[in-house]
Amino acid sequence: MAKFDENVNLIRKQEVRILNFLGTRKNREPYWYIAPAFIITMGVLILPLTYAVVISFLRWNLTRPDLKIIWVGITNYIKNLSSPRFQDAAIVTLCYTVALVISQLIIGFGFALLLQCKFWGRGVIRSLIILPMVIAPVVAGLIFRSLFFNTSFGYINYFLSLLGIDPVYWLSEIWTARFAVFITSLWLGVPFTMLILLSGLESLPISIYEAAQIDGTTPIQSFFLITIPLLKRTILVATIFQTISSLRLFDVPWIVTAGGPGISNLTMSILAYKESMMLFRMGSGASQAMIILIITFIFAAGYINMMKEDIDF
Amino acid sequence: MTKTFRNNIFLWLAIIVVLIWSLFPIFITIFTSLKMRDIAFKIPPLWIFRPVFSNYKSVFTQTEFGKYFVNSIIVTSSTTIISITLGCIAAYSFARFKFFGKNFLLLAFLCTRMFPPIILAIPMFLLGRYLNLVDTRTLLICAHTALNLPFVIWMMHEFFRMIPKELDEAAMVDGCTRVQGFFRVILPLTGPGLVATAIFCVLLSWNDFIFSLMLTGSRAKTLSVAITMFTTIEGVEWGNICAAASITMIPVLAFSIVTRNYLVRGMTLGAVKN
């Protein structure tokens with residue numbers, strides 16, 4: 001009798017499992033809700049993405065209809081990865097990324113420390129400080145290029161002249177042009193980093209600092225030994241966002257320098273754009289875009305790995 | 001944790017420096033756009049003058065700026081409406097049900113934020129050529145939605161998860177169908193989150209440059225590409241450049257000042273474990 005009951009139970013469990021897998025009429029419900037969004041996503045995201053991957057394996061030149069479109073495997077990738085122009089662009093992009101991430105963390109931290117003091121008008125001032133991040137990078141690039149880094153009429157040269165310094169040919173020389181792009185991107189990105197760090201700072205408990213103060217820690221020590229380790233996760237999140245946004249840098253260098261004096265200031269995205277929209281070598285351009293994507297994923301995976309190892313309090 | 005500075009003067013000095021750093025470019029653009037053409041770029045700059053709107057007038061009359069402005073508005077509002085509507089319904093499903101592939105899809109949606117826009121712009125350009133959609137607002141809306149929709153789903157599903165399931169069931173007990181319960185009960189509760197997500201969509205679409213650059217020509221151009229038109233006539237039309245930049249900036253600035261709390265909340269969501 002016991003064995004019979006056991007078997008019935010087993011069969012019932014199997015039934016439930018099969019029904020759950022196949023879905024009873026009620027279990028179809030979620031699919032109806034996600035259907036419209038899913039269809040649109042397939043159409044405008046998955047389809048183009050797959051198409052881009054496929055194109056990157058072809059040799060396709062839009063301006064040469066006589067040249068047959070053929071499958072060339074990873075030739076595009078190898079050609080691009082080994083071309084000095086792409087390597088230069090990659091190095092430029094990575095340098096911008098590193099410089100921007102580090103500077104934004106430092107400056108953002110400074111702003112955040114400032115804003116977390118309680119002072120009169122704090123809310124208003126916070127709302128004003130975050131304004132740069134909602135401005136289009138194009139507009140910011142235009143403003144900085146025309147108003148600040150202009151050699152004869154720029155404000156920066158004017159202020160320098162007040163200090164007795166000669167005007168600098170900002171956009172005509174390589175390193176000053178890079179500095180111009182750097183400052184513009186910095187101006188745009190700091191508020192976002194500041195917001196993330198500020199919310200992290202505000203979530204820290206006071207009790208630890210009070211305990212440390214009793215033990216005789218100076219404020220500077222408590223900053224480096226308490227604040228930063230506790231904020232590791234927040235700092236990592238801010239770094240991820242900034243890295244992703246820097247690796248795809250296009251708008252600001254394009255507007256401020258159009259690729260730099262000559263071709264010294266090209267980022268990978270600008271190169272991919274030129275390859276596909278000016279030289280019309282679609283396969284090559286798509287493969288460059290894919291390389292940017294792969295690099296972004298590698299960075300993101302690295303960061304997420306670091307976050308997993310981080311022990312949360 | 002709030003630190004108190006010992007010396008108030010240093011605090012306020014620092015605040016003033018930070019404010020100047022953040023606001024000076026914005027201020028100087030609007031400032032210059034109100035100057036008459038001939039004094040716009042005098043060095044040393046004139047700080048006191050009579051403001052005029054002639055630059056704005058000439059921007060709108062000399063070029064088809066009005067059309068580009070309308071294009072921007074149409075594209076931005078369309079993509080926001082589509083993404084939010086479809087995204088919320090899908091996000092509700094992600095938050096309430098368990099189904100095959102749910103976690104994978106959520107992770108995939110989060111990953112779409114990592115895509116450089118150019119990887120979507122290139123195939124969209126080619127597909128647009130086949131469908132004769134190049135230089136139309138439709139194609140641009142599709143491109144923006146491709147980036148917006150997954151993000152809306154991911155963000156809204158987080159908000160929906162925070163609302164207890166009991167409320168759904170209570171609504172259904174009271175006679176709503178699931179859908180009615182969603183629109184009448186759950187959605188209003190996520191109001192702030194919804195606004196924050198909508199802000200993201202608006203910002204992404206209005207400030208976008210690369211999709212407009214690659215997918216539009218003269219008919220469907222948006223503001224971001226239109227303002228680059230002025231850079232070719234350098235050194236002459238300074239007032240126009242500043243006026244055009246101001247026209248592009250001011251709606252977004254006003255918008256973000258009005259919605260500043262939602263903006264801050266949306267930006268920091270998920271960044272800190274609260």
Out of curiosity, is B:Gly175 surrounded by 21 or more Cβ atoms within 10 Å (Cβ to Cβ), over 27 Å from A:Ala300 (Cα atoms) and either touching a helix residue (DSSP H, G or I) at 6+ places or on another chain (Cβ under 8 Å) or not aromatic (Phe, Trp, Tyr) (or both)? no
Out of B:Lys35, B:Lys102, I need the residue that is surrounded by 14 or more Cβ atoms within 10 Å (Cβ to Cβ), basic (Lys, Arg) and within 30 Å of A:Phe297 (Cβ to Cβ). Which one? B:Lys102
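With a cut-off of at least 3 residues that are of a type outside the set (Asp, Glu) and closer than 22 Å to A:Arg126 by Cβ, name the helices (runs of 4 or more DSSP H) lying wholly within segment A:182-253.
Working: elements: A:206-214, A:219-222, A:232-247.
Here the list reads A:232-247.
Yes/no per residue for (1) surrounded by 15 or more Cβ atoms within 10 Å (Cβ to Cβ); (2) at negative phi; (3) more than 9 Å from chain B (Cβ to nearest Cβ):
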site	(1), (2), (3)
A:Arg178	yes, yes, yes
A:Leu186	yes, yes, yes
A:Val190	yes, yes, no
A:Met194	yes, yes, yes
A:Glu202	yes, yes, no
A:Pro205	no, yes, no
A:Ala212	yes, yes, yes
A:Asp215	no, yes, yes
A:Ser222	yes, yes, yes
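B:Leu187: part of a helix (DSSP H, G or I), touching a His at 6+ places or on another chain (Cβ under 9 Å) and within 28 Å of B:Arg265 (Cβ to Cβ), yes or no?
Working: part of a helix (DSSP H, G or I): yes; touching a His at 6+ places or on another chain (Cβ under 9 Å): no; within 28 Å of B:Arg265 (Cβ to Cβ): yes.
No: the conditions fail for B:Leu187.
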Taking first residues from segment A:243-265 that are within 12 Å of A:Ala180 (Cα to Cα) and second residues anywhere that are basic (Lys, Arg) and modelled with pLDDT under 90, the pairs with Cβ under 9 Å that are 6 or more apart or on different chains are A:Ile255/A:Arg145; A:Val256/A:Arg145; A:Thr257/A:Arg145
Does any residue of segment A:111-122 turn out to be within 25 Å of B:Leu11 (Cα to Cα), at pLDDT 90 or above and facing another protein chain (nearest Cβ under 8 Å)? yes
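Answer yes or no as to whether B:Ile74 is surrounded by 23 or more Cβ atoms within 10 Å (Cβ to Cβ) and either outside any helix (DSSP H, G or I) or among the β-branched types (Val, Ile, Thr) (or both).
On the way: surrounded by 23 or more Cβ atoms within 10 Å (Cβ to Cβ): no; either outside any helix (DSSP H, G or I) or among the β-branched types (Val, Ile, Thr) (or both): yes.
Against the criterion (surrounded by 23 or more Cβ atoms within 10 Å (Cβ to Cβ) and either outside any helix (DSSP H, G or I) or among the β-branched types (Val, Ile, Thr) (or both)), B:Ile74 does not qualify.
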Among the residues of segment B:120-140, write down those that are more than 9 Å from chain A (Cβ to nearest Cβ) and touching a helix residue (DSSP H, G or I) at 6+ places or on another chain (Cβ under 6 Å). B:Gly128, B:Leu133, B:Val134, B:Arg137, B:Leu139, B:Leu140
Close pairs from segment A:188-205: first among the β-branched types (Val, Ile, Thr), partner surrounded by 20 or more Cβ atoms within 10 Å (Cβ to Cβ) and not in a helix (DSSP H, G or I), Cβ under 8 Å, at least 6 apart: A:Ile196/B:Ala271
Condition (residue is part of a helix (DSSP H, G or I) and either more than 9 Å from chain B (Cβ to nearest Cβ) or at pLDDT below 80 (or both)) applied to segment A:158-168: is it met by at least one residue? yes
For segment B:114-153, the count of residues that are more than 18 Å from A:Ile39 (Cβ to Cβ), part of a helix (DSSP H, G or I) and in contact (Cβ under 8 Å) with a residue 40 or more places away in the chain equals 8
Give the residues of segment A:29-76 that are within 24 Å of B:Leu147 (Cβ to Cβ) and among the β-branched types (Val, Ile, Thr), sorted by residue number. A:Ile34, A:Ile39, A:Ile40, A:Thr41, A:Val44, A:Ile46, A:Thr50, A:Val53, A:Val54, A:Ile55
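Tell me, please, whether a residue that is under 30 Å from B:Thr63 (Cα atoms), within 13 Å of chain A (Cβ to nearest Cβ), under 25 Å from the mean Cα position of the chain (by Cα) and surrounded by fewer than 20 Cβ atoms within 10 Å (Cβ to Cβ) can be found in segment B:148-167.
Narrowing segment B:148-167 to residues under 30 Å from B:Thr63 (Cα atoms): none.
For segment B:148-167, residues under 30 Å from B:Thr63 (Cα atoms), within 13 Å of chain A (Cβ to nearest Cβ), under 25 Å from the mean Cα position of the chain (by Cα) and surrounded by fewer than 20 Cβ atoms within 10 Å (Cβ to Cβ): absent.
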Yes or no: A:Trp71 over 30 Å from B:Trp12 (Cα atoms), loosely packed, with under 11 Cβ neighbours inside 10 Å and hydrophobic (A, V, I, L, M, F, W, C)? yes
Residue match in segment B:49-69 (condition: within 14 Å of chain A (Cβ to nearest Cβ), at pLDDT 90 or above and surrounded by 15 or more Cβ atoms within 10 Å (Cβ to Cβ)): yes
A careful count of residues in segment B:99-110 that are in contact with a helix residue (DSSP H, G or I) (Cβ under 8 Å, 6 or more places away or on another chain) and assigned to a helix (DSSP H, G or I) gives 6
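The values are calculated or read from the model by the stated rules, or taken from the named source; none is laboratory data. The shown structure was predicted, so the numbers you read here are calculated from the model rather than taken from an experiment. Backbone-built Cβ (ideal geometry, glycine too); neighbour counts: all protein chains shown.
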